[in-house]
Structures are given as C-alpha cells and as structure tokens.
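> Right, I'll just put the structure down here and ask away after.
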Amino acid sequence: MFKTLHILTYAVEEPYRRDIKGIRNLQESRHALAGKIFHGRKGEVYQRYYKGMEDQLGALGLVLNCVTLWTTEYYSRAVLELRSQGREVSDEILSHISPGHSDNINFFGVINVDVEAELAKLDTSGWRPLRPAQLRELGLTP
C-alpha cells in the first residue's frame with residue numbers, strides 16, 4: 001500500500017518529486033565524499049573476513065561523519081559572521097549548500113602541521129579564524 005501511494009504521489013505532485021530529488025542529490029554527494037576519502041585501493045573493501053570489513057567500513061563512516069561535522073560547524077560560523085557584519089545570507093541560498101563540499105580537504109600527499117603555531121591561531125573559544133577565501137568558495141562573499 002505504501003509503495004503504491006508513494007508512486008502515485010511521485011507521479012502527480014511536482015513538489016514531492018523535487019523533494020525526493022534533493023534527498024537523492026544530498027545522499028549522492030555524501031557517497032562522492034566517501035569515495036574521495038576511501039580512495040585507497042580504488043574504494044574497494046579488500047578484507048577477507050567479515051570483522052575486517054566491518055572495521056574498515058566503520059572507520060570510513062567515522063571519518064566521513066567527522067568531515068561532515070567539521071564542515072557544517074565552519075559553514076555555520078561563516079554564516080553567523082557574515083550576518084553579524086550586516087550581510088544578508090538568505091535561507092534560500094543556504095538550502096543549496098551541502099556539507100559534502102570537499103574542496104578544502106587535501107586527500108593526497110603529506111600535510112605538515114606546526115602544532116604550536118596552529119594552536120596560537122585559535123580564538124578564545126578554541127576555533128580557527130575564518131578566512132575570506134573559504135567564504136568566497138561557498139559563494140557567500142563577492
């Protein structure tokens with residue numbers, strides 16, 4: 001019964017189709033990010049036993065959730081900063097921004113970090129300062 005109602009609603013109501021497409025696009029962006037994170041061995045699970053596969057996929061899920069959380073937190077901070085400066089950031093624009101964005105992530109190579117210098121940059125609440133280039137990437141500044 002549910003499937004029939006779903007198919008009929010999908011066929012008749014355009015807003016419902018748009019909502020479904022938006023959900024699919026969001027899920028696909030999450031899968032694309034997971035593929036970029038899991039690029040080693042061409043994104044395939046090579047463990048020969050179930051426990052190893054479960055561990056490998058669990059680690060991927062943990063890293064994916066961390067990246068998504070980090071991106072979401074900094075997007076939120078960027079929007080709050082822009083709004084505090086008097087810039088209008090409409091909810092319509094924000095509805096098109098996905099935490100699956102990954103241009104700011106270095107997936108390849110070695111990252112050298114001067115821990116002391118990075119810690120010195122943190123503000124009093126423990127956050128890194130926002131950079132204008134990051135706001136431009138989001139399309140939130142001219």
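Here, each number is a calculation from the coordinates, and none is a lab measurement. The model shown is predicted, which means the values in this text are computed figures rather than measured ones. Every residue, glycine among them, receives a Cβ derived from its backbone with ideal geometry; neighbour counts consider all protein chains shown.
> Based on alpha-carbon atoms only, what is the radius of gyration of the chain relative to the globular estimate 2.2 N^0.38 Å?
Expressed relative to 2.2 N^0.38 Å, the Cα Rg reads 1.36.
> What FRET efficiency comes out for the pair residue 104/residue 2, r = Cβ-Cβ distance, R0 = 35 Å, nearest 0.05?
0.30
> What residue among 90, 102, 76 shows peak mean-square fluctuation when the chain is described by a Gaussian network model with Cα springs under 10 Å?
Among 90, 102, 76, the largest GNM mean-square fluctuation belongs to 90.
> Now, a different point. State, to one decimal in nm, how far the label point of residue 72 lies from the label point of residue 31, with both points 7 Å from Cα in the Cβ direction.
2.1 nm
> At 222 nm, what helix-only mean residue ellipticity would the chain give, in deg cm²/dmol to the nearest 500, using -39500 (n - 2.57) for each DSSP H run of four or more?
Per the formula, -20000 deg cm²/dmol.
> Right, here's the next one. What range in the chain is the longest one free of trypsin sites (Lys or Arg not before Pro) that are in a loop by DSSP and have at most 16 other Cβ atoms within 10 angstrom?
Formally, the longest exposed-site-free interval is 88-142.
> Right, something else. Using 0.36 nm per residue, how much length does the chain from residue 23 to residue 57 gain when fully extended, once their Cα-Cα distance is taken away?
10.0 nm
> Build a GNM of the chain with springs between Cα atoms under 10 Å: which of 57, 82, 122 gets the top mean-square fluctuation?
122
> Still on this structure, I have one more. So which chymotrypsin sites (Phe, Trp or Tyr not before Pro) in the range 1-106 end up in coil per DSSP with only 12 or fewer other C-beta atoms within 10 Å?
Passing sites in the range 1-106 are 46, 49.
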